[in-house]
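The values are calculated or read from the model by the stated rules, or taken from the named source; none is laboratory data. Values in this document were obtained by computation on a predicted structure and should not be read as measured data. With ideal geometry, Cβ positions are generated from the backbone for all residues, glycine too; neighbour counts draw on all protein chains shown.
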Amino acid sequence: MIRIILTLIPLLVVSLSASNKELLKQKCANSDAQACYEVGLPLTQGENAKVQDILDEGMSYMRKACHSGEERACDVMGAQYYKNKNYTIARKFLTKSCNRGIKSACESVGVIYRDAHDVRQDDVKAREFFTKACKLKSGDACYNVAIMYRGGFGTDKNRTIEKEFYKKGCDAGLKAGCDRFTELDNEDRGIETGILSKIKGWFK
């Protein structure tokens, strides 16, 4: 009897899962935005995202959810358009996502403006979005802002601010930010680093 019950449990779970999915689909058909999002999300993630038919079905649910006011679905749409290099549409969605505090969206919009993806190249705009992403603890974005202050891209060169953003990148967990900050900090303190210090060390 116990063996029979244990055998039936997985079947019951699958049945409940299938019935729950059908219930969500019915709610979605009645314009329940959250239900549309919950049905569509698994179809746009992981291995499912690699199968075009499944991904297309998932995105149709996301589109309906987004248009019905589910902002998380709009985030997914922006990310997918960006992945597909449809930058013009992606930028509209991603900008809204960034304004709501989605770090990856801010990073992506920064790249769009920096690299002129279907838009006029604009370092000022790129720095604006990278700075937002940096505030959300994106080490890469902080490093990008530092590079802009180093090269004077869309702003005046400013070594002090450059160094500050390397430090922020380091604090966000980016090793390259830590390395560059340490290098500049050692220079400020008169400590020689890098290949020159190694060469001088050979003759001591």
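Of all residues in segment 169-201, those satisfying the criterion of being modelled with pLDDT of 65 or more and basic (K, R) are K175, R180, R189. A126 meets the conditions (1) surrounded by 15 or more Cβ atoms within 10 Å (Cβ to Cβ); (2) in contact with an Asp or Glu (Cβ under 7 Å, 6 or more places away or on another chain) in every case but one. The failed one is (2). The residue of segment 38-81 that is nearest to E22 (Cα to Cα), among those that are crowded, with 21+ Cβ neighbours inside 10 Å and among the small types (G, A, S), is G40. Answer yes or no as to whether N84 is surrounded by fewer than 19 Cβ atoms within 10 Å (Cβ to Cβ), closer than 20 Å to G40 by Cα and out of contact with any His (no Cβ under 6 Å at 6 or more places or on another chain). Yes: the conditions hold for N84. With respect to K163, determine if the residue is buried (at least 16 other Cβ atoms within 10 Å of the Cβ), under 28 Å from E71 (Cα atoms) and basic (K, R). No.
Of the helices (runs of 4 or more DSSP H) contained entirely in segment 70-137, those carrying at least 3 residues that are over 28 Å from E57 (Cβ atoms) and of a type outside the set (F, W, Y) fall at 103-114, 123-135. Looking only at segment 80-114, residues that are among the basic types (K, R) and either closer than 17 Å to V124 by Cα or in contact with a Pro (Cβ under 9 Å, 6 or more places away or on another chain) (or both) come to 2 in all. Any residue at all in segment 50-69 that's at pLDDT 95 or above and basic (K, R)? Yes; the residues of segment 50-69 include at least one that is at pLDDT 95 or above and basic (K, R).
Please work out if V76 is under 19 Å from C36 (Cα atoms) and not acidic (D, E). Criteria met by V76.
Cβ-Cβ contacts under 9 Å between residues 6 or more apart (or on different chains), taken from a first residue in segment 47-59 that is free of Cβ contacts under 8 Å to residues at least 60 places away in the same chain to a second residue that is outside any helix (DSSP H, G or I), are listed as G58/Q45.
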